[in-house]
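What follows is a single structure, written as structure tokens, with notes after it.
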Amino acid sequence: MNEQKIFSYQLLELLNQINFSQKYYDYYAKSKENSSQEKSVLKTEDFAAALSSTSLDFSYNKKERFFHYEENNNKWQFELNISFSKSYIELILSVENELLGYAGGPFPKLAREAAQLSNPNFQYSPASPKIPFSNREELQEAVNFGVSLFEEIKQAILSKQNLVGYSVESLG
């Protein structure tokens, strides 16, 4: 197994340590239950406004139609991409290190794969749940949830003493 695959596996283990899967699925279930079934009429400006109220500085990629945040911390690069439809938010994590490579993916995929480390038969329906919203308040809550979970992952990685045989100190 190469170091990048090991890094991806260890990211999933770290996600288990912070109960990422449970947090994501619980928030999805709560959002689905509380969200009205109506499609929202929110626009890109509303999404930008919700993101601007966070502590992160997002930029908009008009061609790809998603918002992007990137942070470099020594030899670590953390990225959070967020795309919106008229009724759901999709969160995508990317973690890179010059020695370890890349790990990450959409939050639903990471939640499923992390849960399958503990229970190989784990399945969730729908298989790739995106967080629903139907108004500005629900949108803001979903954005805040995504950003807080991203920050928790980032802090867990930075505080981890050993990833693939490298101490955080030796990496940067």
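The values are calculated or read from the model by the stated rules, or taken from the named source; none is laboratory data. Here the structure is a predicted model, which is why all the values come from computation and not from measurement. Accessible surface is based on the protein model in full, side chains and every heavy atom, while ligands, DNA and RNA are left aside. Shrake-Rupley method; radii C 1.70, N 1.55, O 1.52, S 1.80 Å.
Pop out the ³J(HN,Hα) list for segment 137-152 in order, Karplus 6.51 cos²θ - 1.76 cosθ + 1.60 with θ = phi - 60°, rounded to Hz; leave Gly and Pro as x.
Going residue by residue, I get 5, 5, 4, 4, 4, 5, 4, 4, 4, x, 5, 5, 5, 4, 4, 5 Hz, with x marking Gly and Pro.
Run the accessible area of segment 14-79 with a 1.4 Å probe and give the carbon-and-sulfur part as a rounded percent.
The C+S portion of the solvent-accessible surface of segment 14-79 is 44 percent.
Quick one: pull the percent of accessible area on segment 87-133 belonging to carbon and sulfur, 1.4 Å probe, ligands and nucleic acids left out.
The value for segment 87-133 is 47 percent carbon and sulfur by accessible area.
Going down the table (K63/K154; K62/K154; K63/K160; K63/K109; K5/K86), which pairs top 30 Å between alpha carbons? Display every interim value, and only then the final one.
Details: K63/K154 27 Å; K62/K154 26 Å; K63/K160 36 Å; K63/K109 24 Å; K5/K86 35 Å.
Exceeds cut-off: K63/K160; K5/K86.
Determine the per residue accessible area of the chain with all protein chains present and a 1.4 angstrom probe, expressed in square angstrom.
53 Å²
Can you pull the semi-axes for segment 1-148, root of five times each eigenvalue of the Cα gyration tensor, sorted largest first, whole Å?
Details: eigenvalues 140, 84, 26 Å².
That gives 26, 21, 11 Å for the three semi-axes.
Taking the Cα atoms of segment 1-64, report the difference between the largest and smallest coordinate on each principal axis, in whole Å and largest first.
Each principal axis gives a Cα extent; for segment 1-64 these are 46, 32, 23 Å.
Just to be sure I understand: with springs between alpha-carbon atoms less than 10 Å apart, which residue in A142, A114, A156 has the highest mean-square fluctuation in the Gaussian network model of the chain?
Highest fluctuation among the options: A156.
Tell me the angle of helix 107-118 to the major Cα principal axis of the chain, expressed in degrees between 0 and 90 and rounded to the nearest ten.
For helix 107-118, the angle is close to 50 degrees.
Let me check something: with ligands and nucleic acids excluded, how do D26, D57 order by accessible area (1.4 Å probe), largest to smallest?
From most exposed to least exposed: D57, D26.
Let me have the 222 nm mean residue ellipticity of the chain computed from DSSP H runs of 4+ only, each contributing -39500 (n - 2.57), with the sum over all residues rounded to the nearest 500.
Dividing the helical sum by the residues of the chain leaves -14500 deg cm²/dmol.
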